[in-house]
Structures are given as C-alpha cells and as structure tokens.
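Here is the structure we will look at, set down as structure tokens.
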Amino acid sequence: MIGLGEDGADGLSVASHKALTGADVVVGPARHLALLGDGIAARRLEWPVPFADGIALVMEMRGQRVVVLASGDPFWFGAGAVLAQHLAAEEWVAHPASACFGWAAARLGWRLEDTPCLGLHAAPLARLRPYLAPNQQIFLTLRDGAAVADLADYLGVVGCGDSDIWVMEALGGPRERLRRFCAKDIALPADIQAPVLAAVLVRGWAGISTAAGQRDDLFDHDGQITKRPVRALTLSTLAPRPGELLWDIGAGSGSISIEWLLAHPANRAIAVEADPVRAARARANAQALGVDRLQVVLAQAPSGLDDLPIPDAVFIGGGVDEEMLTRLWGVVPVGARLVANAVTLEGEALFAQWQARVGGNLLRIELAEATPLGRKRGWRSAMPVVQWSVVR
C-alpha cells in the first residue's frame, strides 16, 4: 500500500518508487492512477464502487505483486487497515505519505492533538453533531465542492451558521488552495476541486452535552422514553467503556443506546424494538445525533436476541418478565452488566426475587418536578422507577 500525495509519483520515497516499478498491477482511484504518469509499466485497475468490491478485487490477485494507492496515510481514513485485516503480516507493506490533516494543521497553526479529525468523504455530515461546541476547531475530509455547500447548510440548520469554514484543496501539491468563508453567508465558487478538506471553527452550539442525561427534547419520541434524570442514572450504572457492545431491549426512542454510543466513538449498540414505528424513530434519532452506527433490530425479545453478538452490557427498559431474565442470564457472559428499569408492582416484585437469587443492587428512584399550582407552584411527583442492576 502506498500513500500518494498530490505530488503524485514525483513525491514518492525510493521504496515506494521501487514497489511501483516492480509491480504487476496497480489499483487505486482514477485520480491517483492519473498522477502516476507514463513511467509505470504495471497494469492499472481503477478501484470499483462500492468500496467493498475493491477489497474482493485485491484478494483475487493474491500471489501477484500488487500495489494499492491511497491518499496520504492509508491507515487514517484510508484502505490500509481494511486491507491489512484480510492479509497475513508478511503479505503486505505500507509506504505512507503525509496525511491531509497534518498539512491542514500546518497551514492554520491549529494543534492537531486538540482538533477532531473526521473522515466524512463517504459518511453523513450528522457525525459532526457531537463535536459542535463554541470555539471548537474541526478538520474533516469531504467528497467534493458540492459537499462543502452541504456542510454550510448543515451548520445553519443545527444553529451553527456563524461558523467559519476554510476550504482546502489539494493540500501539499502544486494545485493547493485555501479559501475562508462564513457558513451562513457562503457563496461557493464553482471551481472547488477534489481532494477537499474543510476546517471549521464552530460558532454556536448544537445542544449535545458530554455528560450522560441529554435533554429529552433532543429525541423524537411518543412518550416511550427514559426521562433525562433516570437516563443519567441508568447510563452511570451501565458504565460504558470504550469498544463495548450494549443490547438496548425495548429501545423505544433509542435514547439509552444513543447515549451509550455518544460516550465513546468506539462503542457499539444494538437497539431491539418490536414496534416498527418506534424502531424507525430510534434509527432517525441516532442519525440526527451523529451516531448512525446504531444497529436497530426489529424483533420481539427474548426470541429476537438469539442471533445477536454477545454483549458487554444489557439494558431492559420495558416489558421485563421471568422468561426474558432467564434467557438473558443464560446468554450474557460472566462480567457483563445488566440493568433493568420497571414502574409496575409486578416488575418490582420480579426484581426483588432475582436480587435475592443472584445478587445485585435495587434502587428506587422517586422524582418530583415543580409545576404551576393555581397562582403558585407545587411538586408533581413522577411514577417511581425501580432499577435492578447486577454483574453476571
């Protein structure tokens, strides 16, 4: 794998030149192949669309001398890591060039360690949402000039229209160009050329906290939602750790699994919901809040859990019964956390029985909110929630 900068073959190391001149086949996007010039005798194949088809294409050529071209550092939003996981260590070698984020930081003087770097050239712009806070600096790769306009529109929709956008084209090469715009006033020229990187200095706030317990109005719901204070307590008890998988059973609006994903970019979650309308709503909420990686399974628990990957934590938000707890206890691994909430007397009695049998903690959550009472105010109590939590 060779990381190709905008200088093309002229900017390659000696080792990279040697790999190219000795190759049987060179595979890469059309733009990268064009940069090679006429000095490379190897057969050239354009990387197909969709991206996954290119992996299969390369695997079919095992045993030949194959060079794959990628942008800059193949292991930073590139094909490097994807290819490496399909190959033995002795089957590949990488020659990375400077990544575009390093070039961008060098142009603007931003601290790269403090600047989120996102690859959005093939991903939804909503993945920006968790990073949109006042004065936050962000680098992101984009598909083309039209995507810059989409970025400006998106920032305006979520309340960050005053943000500054630097449009950076062909960083590190002879065609390099930097231009600065304001998102709400952007009048894009028609000559923006790929590859495009945008730098954003955020003005405004899109409403996502870094703490557990997001505002209820961030989620579209029909009333089937774990309310903010109870959700904060529930997430604290579930205790998400980087890279872990959550089962959110009876997901409703998806608020618990969405906040689990917001806790860390490596976290995974499966929302299990029997109602198709609520399942669609959970998926839409996840996309709007920048965690489109939420997997929504339309199924009735516990039977719908059979083919799912084993979780690190499980949350049951409704419909808990003896059959479900028995099935879960036989499936989840030792060390997994299970948290269940109930508002019914039957659910409370079930939790008390299981807590006496296998341990864990019982918590009764009683909340009251100040509301108008005639010309004055009074406390209006919510239904108490009983929470059982246990480590398998």
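Expressed as a fraction of 2.2 N^0.38 Å, the C-alpha radius of gyration for segment 216-391 is 1.04. Summed over qualifying helices (DSSP H, 4 residues or more, each -39500 (n - 2.57)) and divided by its residue number, the chain shows a 222 nm mean residue ellipticity of -8000 deg cm²/dmol.
A Gaussian network model of the chain, with springs between Cα atoms under 10 Å, assigns the largest mean-square fluctuation among V331, V230, V291 to V331. Taken over the alpha carbons of segment 101-201 as equal point scatterers, the Debye sum produces base-10 log I(q)/I(0) values at 0.12 Å⁻¹ of -0.33. Against the main long axis of the alpha-carbon atoms of the chain, helix 228-238 sits at an angle near 70°. Of all segments of the chain bounded by GluC sites (Glu not before Pro) found in a DSSP loop with no more than 11 other C-beta atoms within 10 Å, the longest spans 61-365. Between T210, T115, T21, the GNM of the chain built on Cα springs shorter than 10 angstrom shows T21 fluctuating the most.
Computed over segment 101-201, relative contact order equals 31 percent, with contacts defined as Cα pairs under 8 Å that lie 6+ residues apart. Putting +1 on Lys and Arg Cβ atoms and -1 on Asp and Glu Cβ atoms, find which of P134, L245, L87 reaches farthest to the positive end of the dipole of the chain. Going by the Cα projections, it comes out as P134.
Couplings 3J(HN,Hα) for segment 134-148, derived from phi with the Karplus relation 6.51 cos²θ - 1.76 cosθ + 1.60 (θ = phi - 60°), are x, 6, 6, 9, 9, 9, 8, 7, 10, 5, 6, x, 4, 5, 5 Hz, where x marks Gly and Pro. Only Cα pairs under 8 Å and 6+ residues apart enter the sum, and on that basis the relative contact order of the chain stands at 10 percent. Couplings 3J(HN,Hα) for segment 89-105, derived from phi with the Karplus relation 6.51 cos²θ - 1.76 cosθ + 1.60 (θ = phi - 60°), are 4, 7, 8, 9, 8, 10, 10, x, 9, 5, 6, 4, 5, x, 4, 4, 4 Hz, where x marks Gly and Pro. Diffusion coefficient of the chain by Stokes-Einstein, Kirkwood radius over Cα pairs, 37 °C, 0.692 mPa s: 136 µm²/s.
Taking θ as phi - 60° and the Karplus parameters 6.51, -1.76 and 1.60, the scalar couplings of segment 332-341 work out to 5, x, 4, x, 6, 9, 10, 10, 9, 10 Hz in sequence order, x denoting glycine and proline. Distant-in-sequence amide contacts of H95, defined by a placed amide H-H separation under 5 Å and a gap of 5 or more residues or a different chain, comprise I2, G3. Among R43, R65, R380, the largest mean-square fluctuation in a Gaussian network model of the chain (Cα springs under 10 Å) belongs to R380.
Compared with the direct C-alpha span, the chain from A89 to L308 gains 75.8 nm at full extension, assuming 0.36 nm per residue.
Laboratory data are not the source of any read-out in this text; all were calculated from the coordinates shown. Since this is a predicted model, take the numbers as computed values, not measurements. Methodologically, a virtual Cβ is constructed for each residue, glycine included, from the backbone with ideal geometry; neighbour enumeration extends over all protein chains shown.
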